[in-house]
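Remarks on the structure that follows.
The values are calculated or read from the model by the stated rules, or taken from the named source; none is laboratory data. Since this is a predicted model, take the numbers as computed values, not measurements. Cβ coordinates were reconstructed from backbone atoms using ideal geometry, including for glycine residues, and neighbour counts include every protein chain displayed.
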Amino acid sequence: MAAPMDNLLGVKHIILVLSGKGGVGKSTVSSQLAAGLVKSGKKVGLLDIDLCGPSIPRMMNLEGRDVHQCSQGWVPVFADPEQNLGIMSVGFLLGSKDDPVVWRGPKKNAMIKQFLTDVYWQDLDYLIIDTPPGTSDEHIAVVEGLKAYKPDGAVLVTTPQAVAVGDVRRELTFCRKTGVPIIGIIENMSGFVCPNCTECTNIFSSGGGKALSEQCKVPFLGCIPIDPKLTQCAEEGKSFLERFSSSGARDAVQSILQQI
Ligand code: ADP
């Protein structure tokens, strides 16, 4: 019998996106990174392993789309006509977007394993993996499943507040314990730039991500300000690919490319 096809062999770089808690913008940052890399001419895959809260299909305006099978495995759903951004998410496999995923650890592990082996990405420059918040079964499963492929590392997302920053510290420890290199920290929702007068208001406290990166001696990848248009895109699932306009996100992508 022929050996199963290794669908990750054609992937040049693998980046995990982690956050200590939900709601800090991990899926937003994952989508922005993916969009930014596509804009800079790369072929990108975005794998959403947030099994209980998959938000990537909605953010990419792909809700309701089906995943097809080919002889090499699942064909990802493409976000653009040029097929430079392929997406895979449990959200595409659920009967309805309102169906909850009520799975115990072993079933989640099996799903992650299948995502890592069965998605036919073809040749990719980057595979971005959006993980659930915290350090749970999914994280251990993905790190173990990726060991042989030597992922480039993890991007940690935080908001500026001390509570969120404290949670990122645990992510740093998780990465160190599991041997995942740390690409750096992104501070999301870092101030609000008034569209009228361009004054920046730090709605939350400021500088927490940068201070943590200095304390923990990991690169600081940059700040992404609060952009109401970004929220609107995520809410309405409108052309998220087009909304890669926040200068913070652009700078963060450049910093990541310099680190790997
Ligand atoms: P997580 O994946 O960490 O749970 P999400 O990426 O789903 O967080 O973001 C949570 C909410 O915050 C979403 O409604 C998203 O649109 C919004 N959001 C995240 N980052 C930003 C930002 N920089 N500017 C505006 N809205 C944002």
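Screening Lys217 on (1) within 14 Å of the ligand (Cβ to nearest atom); (2) exposed (fewer than 15 other Cβ atoms within 10 Å of the Cβ) shows it passes everything except condition (1).
This table checks each residue for (1) surrounded by 21 or more Cβ atoms within 10 Å (Cβ to Cβ); (2) of a type outside the set (Ser, Thr, Tyr); (3) out of contact with any helix residue (DSSP H, G or I) (no Cβ under 7 Å at 6 or more places or on another chain).
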| residue | (1), (2), (3) |
| --- | --- |
| Gly145 | no, yes, no |
| Gln161 | no, yes, no |
| Arg170 | no, yes, yes |
| Arg176 | no, yes, yes |
| Glu187 | yes, yes, no |
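For segment 128-229, the strands (runs of 3 or more DSSP E) that sit wholly inside it and include 2 or more residues that are polar (S, T, N, Q) are 182-193. Restricting Val44, Val29 to those that are within 26 Å of Ile260 (Cβ to Cβ) and at pLDDT 95 or above reduces the list to Val44.
Kindly indicate whether any position in segment 15-38 is more than 12 Å from the ligand (Cβ to nearest atom), within 17 Å of Lys113 (Cβ to Cβ) and buried (at least 24 other Cβ atoms within 10 Å of the Cβ).
yes
Selection of segment 114-164 for residues being within 16 Å of the ligand (Cβ to nearest atom), out of contact with any Asp or Glu (no Cβ under 7 Å at 6 or more places or on another chain) and of a type in the set (Asp, Glu) yields only Glu138. Out of all the residues in segment 184-198, is one or more in contact (Cβ under 8 Å) with a residue 60 or more places away in the chain, within 14 Å of the ligand (Cβ to nearest atom), closer than 30 Å to Phe115 by Cα and touching a Lys or Arg at 6+ places or on another chain (Cβ under 9 Å)? Yes, segment 184-198 contains a residue that is in contact (Cβ under 8 Å) with a residue 60 or more places away in the chain, within 14 Å of the ligand (Cβ to nearest atom), closer than 30 Å to Phe115 by Cα and touching a Lys or Arg at 6+ places or on another chain (Cβ under 9 Å). Pairing each residue of segment 123-137 that is at pLDDT below 95 and surrounded by 20 or more Cβ atoms within 10 Å (Cβ to Cβ) with any residue that is outside any strand (DSSP E or B) and aromatic (Phe, Trp, Tyr), provided the two are 6+ apart or on different chains, yields C-beta distances under 7 Å for Thr135/Phe174.
Those strands (runs of 3 or more DSSP E) of segment 43-106 in which at least 1 residues are surrounded by 14 or more Cβ atoms within 10 Å (Cβ to Cβ) and in contact (Cβ under 8 Å) with a residue 12 or more places away in the chain, considering only elements entirely within it, cover 44-48, 73-75, 85-89.
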